[in-house]
Amino acid sequence: MDTGKIVDSQKRDKIDNDGKIEWDNAYKLEGTSILWSEPPVPFIQEHAINIFKKSNPREVLDLPCGDGRNTLSLAQAFPKVMAADVSRRAIKIAQENLEKKNIHNCSYEYADIFGTPWGDSHFDCILCWGTLGHLARPIFALQELMRILKPGGRLIAGFFSVNDPMKGINMEEVAPNEFMYDNRFFYRFYEPSDLISIAKGLSVNEPEVMTTQWEEPPHKGFREYTHMHESHALILKK
């Protein structure tokens, strides 16, 4: 294992910049408008919505929204949802999918998680599920999300667990708990203690970590079989 491959900041910058292109390309898959799956991640329905309700939100940000799998649950629970992504293709697909389900309380916006288009303290709550584990510099993304979160609001950020059954499968290990999948997608797997340390770096008091497992349907062009995932949800209050 070459632990020096991606540890310097320039290489991490390149990984994150290349990742934007790769994920946008992922939505070119022929013959499908759903890249991930139709059902939302169970944690969103079973826990995230109730956590957000503690802040009595009017507008919730879903970044990244992807094809809208988790946006649907948020839109059914809250008055307004902003669905945003760094992939313009994903945004178009999400809008089409949600409007087919008669969901009309969503807005759609292109947004780079490292530099979003919104002012300070803009959103009541933020869901960031499915991208932070793919970032080589997640702390900068979290700083940006906390900037646009209103005081009293809550951020739920998903990270891949070190116990994820998919860890290392068809991946090249490039550093401890860091991998490349298909030579295109970066993965970092976390212990709960890693996330508490991240929260301390953000000067957030009383962070909470919840761990969730679920069965994931096949993904066309990626893991074309039913598989299990385990992730940690880092819950932060501003």
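Just so you know, all these numbers are worked out from the coordinates, no wet-lab data involved. Please read these numbers as outputs of a predicted model, since none were measured by experiment. Backbone-built Cβ (ideal geometry, glycine too); neighbour counts: all protein chains shown.
The Cβ shell under 14 Å around residue 120 holds other residues with a net charge of +1, Lys and Arg each +1, Asp and Glu each -1.
Normalised by residue number, the volume inside the convex hull of the Cα atoms of the stretch 40-181 is 117 Å³ per residue. The percentage of C-alpha pairs in the stretch 105-238 whose separation is greater than 26 Å is 27%. The convex hull defined by the C-alpha atoms of the chain has an orientation-averaged projected area of 11.8 nm². Working note: Cα gyration tensor of the stretch 88-140, eigenvalues times five, square-rooted, sorted largest first, giving semi-axes of 23, 15, 11 Å. Placing a label point 7 Å from the Cα of residue 109 along the Cα-to-Cβ line, the residues of the stretch 45-79 whose backbone N sits under 12 Å from it are 59-63. Normalised by the number of residues in the stretch 56-112, the average gap of Cα pairs under 8 Å and 6 or more apart makes the relative contact order 38 percent.
Pairs spanning more than 18 Å between alpha-carbon atoms, out of 28/220; 53/150; 150/237; 20/80: 20/80. Here's the list of aspartates and glutamates a cross-link from residue 92 could span, going by alpha-carbon distance under 18 Å and ignoring same-chain residues fewer than 8 apart: 22, 24, 30, 38, 62, 67, 109, 112.
Estimated at 0.36 nm per residue, the fully extended path between residue 225 and residue 100 surpasses their Cα-Cα distance by 42.3 nm. Across the chain, the relative contact order, built from alpha-carbon pairs under 8 Å that are at least six residues apart, equals 20 percent. When the helices of the chain are scored as -39500 (n - 2.57) per DSSP H run of n ≥ 4 and the total is divided over every residue, the value at 222 nm lands at -8000 deg cm²/dmol. Result for the chain in a Gaussian network model with C-alpha springs under 10 Å: among 176, 192, 207, the largest mean-square fluctuation is at 176.
A protection proxy built from the mean count of other Cβ atoms within 10 Å ranks the segments 228-234, 163-169, most packed first, as 228-234, 163-169.
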